[in-house]
Amino acid sequence: MPDVLSAPLVVEFPFTRSLGPVQSAFLTGLRERVLLGVRTNDGRTLVPPVEYDPVTAEEIRDLVEVAPTGTVTTWAWNHAPRRGQPLDTPFAWVLVRLDGADTALLHALDAPGPDAVHTGMRVRVRWAAERSGAITDIACFEPYDGEAARPTGHSGAFADAVSGVVVPARLDYTYSPGRAQSDYIRALAERRTVGERCPSCRKVYVPPRGACPTCGVATAEHVEVGPRGTVTTFCIVNIKAKNLDIEVPYVYAHIALDGADLALHARIGGIPYDQVRMGLRVEPVWTEGTRHPDHYRPTGEPDAAYDTYKELL
Amino acid sequence: MTSEEAPGPRDIAVVAFAQTDHRRSTAESSEVEMLMPVLHDVLDRTGLRTSDIGFTCSGSSDYLAGRAFSFTLALDGVGAWPPISESHVEMDGAWALYEAWTKLLTGDADTALVYSYGKCSPGSVRDVLTRQLDPYYVAPLWPDAIALAALQAQALIDAGHTDEPALAAVAARSRSDAAANPHAQLAGRVPQGDYVVRPLRTGDCPPVGDGAAAVILAAGERARRLCERPAWIRGIDHRIEAHGLGVRDLTDSPSTRLAAERAGAFERPVDTAELHAPFSAQEVVLRRALRLDDTVRVNPSGGALAANPVMAAGLVRIGEAAARIHRGASDRALAHATSGPCLQQNLVAVLEGDPR
Ligand SMILES: [Zn+2]
């Protein structure tokens, strides 16, 4: 196996979601240390509550308070907690049917060890110190051997109900670009642009992805292209991108490198933005410490004739 | 069209199946580089070229490798230019096959290429799968895929449907059968190991790996010309259960049973069942839901416990069942695919070969 390039890749995003009336009441209730379920038309109480009956799909809105105590319906011992999970010490995942509810809620149970957990055991909610209207307002459950707690008779109406949740998510990867793109990136490190030729239609793809999208066959033959090329089409960027230190307006262009059958895209510099045109001949400008051309600038050659690049538009 | 002229449903068959060797990592290949040999393989088995295919449908998830729009890049391996009739589902390829089957039923196409791939190696699939959960009440707790499967396993143990030795036996039988499957990732004698999330041990969990699979469907006479013994799809159906884990009875799979009923699985006994049960305990649930007794050969390929390329493992079940019919090792087989936590969504297909 050839040397494989790889790099860490972090995908991080906050999911911002609005809540329906039932979800809003439930999560606002958690903030206020009140547990709410929703009653279905056949008289069952669902906790956590949903907006529509999971069996009949009817809209359900009848809120009913349940107790912060309940019974474990199944469990699983997690000896190695993972990032983002409710506790950072070993704990049991549990489904808990709260007193007054007919369905079970997923959460964590803080217990000394698996021998201290069993289906049917009694537990109660441990509230988080700081609460915002989220499922994590329940810090976890804890073993409990007292009486079932009594609901307070809350109506489910709140003065300042939460209307949405923001759920941050992060996933970590070690990304490898594969054979063709690794070769391309290695050549770039030597300031060369190397594409691959399709064995069937003979087209040269830059950057190469390992397959000819027309023929559906593997490409392998390396072909060095450029460094000069022709602007086939372009646009003028007028909005400054976040974290990008480039003054607007600037030109972003499709550039067909000499010898390539597919245009790549890059920024055009060294010329006022309003003088860039189709057919402009350009060459790459490398800067110290970068792994790809910083931008392309005019070569000063006469413009390419339209017929020479019209197939690459 | 008058009722007299209305044609009956078309007979549609799986006529070819191909898959990669499933491996812990394919870091040396991009998605399309991993997939392309399988596409060529499945086309070669029928002599068809891309331009002969009426409809192409794929299944994959960008979250697995963290690469946006990887499915559009994967299309390069098909040769999708000039544009082809094509579709994609962000699901296991079994559901892509369902879409293709529907397309062929309408008569819009006579042949279909169905493929799917999963590259689990770049990320942590345990954590990636938490992102498919209820975003309000469940996903913020990051319950990983093994934790949820463990809750289901404990519920089964509590209900008296299985115990740890029985689960170990499912795992051992799967890996032992996989020794005859050259594509399997985990085969032979594999220790049950320690608890990952109790009661599930390493051996109860699927291997994490990369792989791809492809199937060709054809209708009627076209199928007979492309394959000596087509695997006719007698029925196929998929059903889903409530997304709230605490609403469901985790010891049962009513959606599997209903899908099987609609697919005609209970009309006559099957001789083979390829079940998509990534965790040992899930085979226990599925056997009960599908009323499979000891006369049925379950997962002769080794199943998902031997290779679990996520998004392809369900399509592999259909492909493996069809391949057994192709080579005369089965006359009537059931194939099952699952999606979501604790067997939330289930697809059942019934395949038959012509009488011998
Ligand atoms: Zn080509």
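The values are calculated or read from the model by the stated rules, or taken from the named source; none is laboratory data. Since the structure is predicted, the reported quantities are computational estimates derived from the model, not experimental observations. Virtual Cβ from ideal backbone geometry, glycine too; neighbours counted across all protein chains shown. For the accessible areas, the whole protein counts, side chains as well, though only heavy atoms, and no ligand, DNA or RNA atoms are used. Shrake-Rupley method; radii C 1.70, N 1.55, O 1.52, S 1.80 Å.
Some observations on this one:
- A:HIS79-A:THR290 FRET efficiency (beta carbon distance; Förster radius 45 Å; 0.05 resolution): 0.45
- Partner lysines for A:LYS310 [C-alpha distance under 22 Å; skip if fewer than 8 residues away on the same chain]: A:LYS203
- Alpha carbon centroid spacing (whole Å) that separates the stretch B:110-175 from the stretch A:218-247: 43 Å
- Taking only alpha carbon atoms, chain B gives an Rg to Rh ratio of 0.95, where Rh is the Kirkwood radius.
- Length gained when the stretch B:ARG49-B:GLU86 is fully extended (0.36 nm per residue, less Cα-Cα span): 11.8 nm
- Using heavy atoms of the protein chains and a probe of 1.4 Å, the accessible area assigned to B:MET311 is about 40 Å².
- Ratio Rg/Rh, restricted to the stretch A:227-313 and using Cα atoms, in which Rh is the Kirkwood radius: 0.96
- Label separation (A:GLU190 vs B:GLU228): 5.0 nm, computed from points 7 Å beyond Cα along the C-beta direction.
- The shape of the stretch A:9-170 comes out oblate: with a ≥ b ≥ c from the C-alpha gyration tensor, a/c is at least 1.5 while a/b does not beat b/c.
- Relative contact order (percent, whole number), chain A, Cα cutoff 8 Å, 6+ residue spacing: 14 percent
- Remark: the stretch B:291-307, residue by residue, has Karplus-estimated 3J(HN,Hα) of 6, 8, 9, 6, 7, 8, 7, 9, 6, x, 6, x, x, 6, 6, 9, 6 Hz, where x stands for each Gly or Pro and the curve is 6.51 cos²θ - 1.76 cosθ + 1.60 at θ = phi - 60°.
- Between 0 and 90°, nearest 10: helix A:21-31 axis offset from chain A longest Cα axis: 70 degrees
- Against the main long axis of the alpha-carbon atoms of chain B, helix B:145-158 sits at an angle near 70°.
- Tensor-based shape of the protein assembly as shown (alpha-carbon gyration tensor, a/c under 1.5 rounded, otherwise prolate or oblate): oblate
- Amide H contacts of A:PHE15 (H built 1.01 Å from N, under 5 Å, at least 5 apart or other chain): A:VAL167, A:ALA169
- In Å², nearest 10: area of A:TYR144 left accessible to a 1.4 Å probe: 50 Å²
- If R0 is 30 Å, the Cβ-Cβ spacing of A:ARG170 and A:ARG33 corresponds to a FRET efficiency of close to 0.55.
- Rounded accessible area of B:TYR98 (nearest 10 Å², 1.4 Å probe): 60 Å²
- Taking every alpha-carbon pair under 8 Å whose residues sit at least 6 apart, the stretch B:16-145 reaches a relative contact order of 29 percent.
- Packing-based ranking, highest mean first, of B:238-250, B:210-222 given that Cβ atoms within 10 Å are counted: B:210-222, B:238-250
- Selection among A:VAL231, A:GLY156, A:THR103 by position relative to the dipole of chain A gives A:VAL231 as farthest towards the positive end (Cβ unit charges, Cα centre).
- For A:GLY37, residues with placed amide H under 5 Å, excluding near neighbours: A:VAL64, A:GLU65, A:VAL66
- Counting Cβ atoms of other protein chains within 10 Å of each residue's Cβ and taking the mean over peptide A:168-181 gives 6.
- Counting only DSSP H runs of at least 4 residues, each contributing -39500 (n - 2.57), and dividing by the residue count of chain A, the helix-based mean residue ellipticity at 222 nm comes to -2000 deg cm²/dmol.
- Projecting the Cα positions of B:GLY77, A:TYR252, B:ASN181 onto the charge dipole of the protein assembly as shown (unit charges on Cβ atoms of Lys, Arg, Asp and Glu, taken about the Cα centre) puts B:ASN181 furthest along the positive direction.
- Applying the Karplus relation 6.51 cos²θ - 1.76 cosθ + 1.60 with θ = phi - 60° to the stretch A:188-202 yields 3J(HN,Hα) values of 4, 4, 9, 6, 10, 10, 10, x, 10, 9, 6, x, 9, 9, 6 Hz, where x marks Gly and Pro.
- In the stretch B:125-149, burial by the other protein chains removes 30 Å² or more of 1.4 Å probe accessible surface, compared with the chain on its own, from B:ARG126, B:ASP127, B:ARG131, B:PRO135, B:TYR136, B:TYR137, B:PRO140, B:LEU141, B:TRP142.
- Whole-Hz ³J(HN,Hα) from phi, Karplus 6.51 cos²θ - 1.76 cosθ + 1.60, for the stretch A:39-46, glycine and proline x: 8, 7, 5, 9, x, 8, 10, 9
- Counting Lys and Arg as +1 and Asp and Glu as -1 over every other residue whose Cβ lies under 12 Å from the Cβ of A:GLU59, the net charge comes to -3.
- Fully extending the segment from A:GLU59 to A:ASP307, taken as 0.36 nm per residue of separation minus the present Cα-Cα distance, adds 83.0 nm.
- Shape category assigned to the stretch B:226-356 from the gyration tensor of Cα positions, a/c cut at 1.5: prolate
- Efficiency of FRET from Cβ geometry, A:SER200 and B:ALA159, R₀ 60 Å, rounded to 0.05: 0.55
- Helix B:280-289 and the longest principal axis of the Cα set of chain B meet at an angle near 60°.
- The length gained on full extension between A:LEU87 and A:LYS240, counted as 0.36 nm times the residue separation minus their Cα-Cα distance, comes to 50.9 nm.
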